[in-house]
Amino acid sequence: ALGPSLIAQELRERIGRAAGTSSSVLIVGEPGSGQESIARAIHELSDRRAQPFFVLNCSALPEAELEFELFGHVDSLRSSLLDDAEGGSIFLDEVQRLGLG
């Protein structure tokens, strides 16, 4: 739970504003600082709250497997995470560790 400090109040306001949009949200912070909790709070306050919330740790998978998890593969009967989360939310944890090229 967030306390009564000014910073906590500002964070609550930002979470509420983010929850009221259908935009993607970038949450930055040091490991262990609560990014996933903030993402869950945004999801729970949004119109998407009845839909699924998924967490994918990007640093735990090789790049090819990460791509398969997110987008699926033509030859697979398994659905992709993007398909499964339709209407819900996906939190991409450790996304900064992905290569850019």
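Is at least one residue of region 44-60 among the polar types (S, T, N, Q) and open to solvent by 80 Å² or more (accessible area, probe 1.4 Å)? Steps first, please.
Applying the first criterion (among the polar types (S, T, N, Q)) to region 44-60 yields 46, 51, 57, 59.
Next, from what is left, pick out any that are open to solvent by 80 Å² or more (accessible area, probe 1.4 Å): 51.
Yes, the conditions are met somewhere in region 44-60.
Phe71 versus (1) touching a helix residue (DSSP H, G or I) at 6+ places or on another chain (Cβ under 7 Å); (2) farther than 16 Å from Val95 by Cβ: which is the lone unmet condition?
Condition not satisfied by Phe71: (2).
What number goes with the only condition from (1) modelled with pLDDT under 95; (2) of a type in the set (D, E, K, R); (3) open to solvent by 90 Å² or more (accessible area, probe 1.4 Å) that Glu94 does not pass?
For Glu94, the exception is condition (3).
Just the residues that are of a type in the set (A, V, I, L, M, F, W, C) and in contact with a Pro (Cβ under 6 Å, 6 or more places away or on another chain), please, taken from region 70-89.
Residue satisfying the conditions is Ala85 alone.
What's the total number of residues in region 1-26 that are open to solvent by less than 70 Å² (accessible area, probe 1.4 Å), among the aliphatic types (A, V, I, L, M) and at pLDDT below 90?
1
The values are calculated or read from the model by the stated rules, or taken from the named source; none is laboratory data. Note that this is a predicted model, so its numbers are computed, not measured. Here the Cβ is made from the backbone with ideal geometry for all residues, glycine too, and neighbour counts use every protein chain on show. We work out accessible area using only protein heavy atoms, side chains counted, and drop any ligands, DNA or RNA first. Shrake-Rupley method; radii C 1.70, N 1.55, O 1.52, S 1.80 Å.
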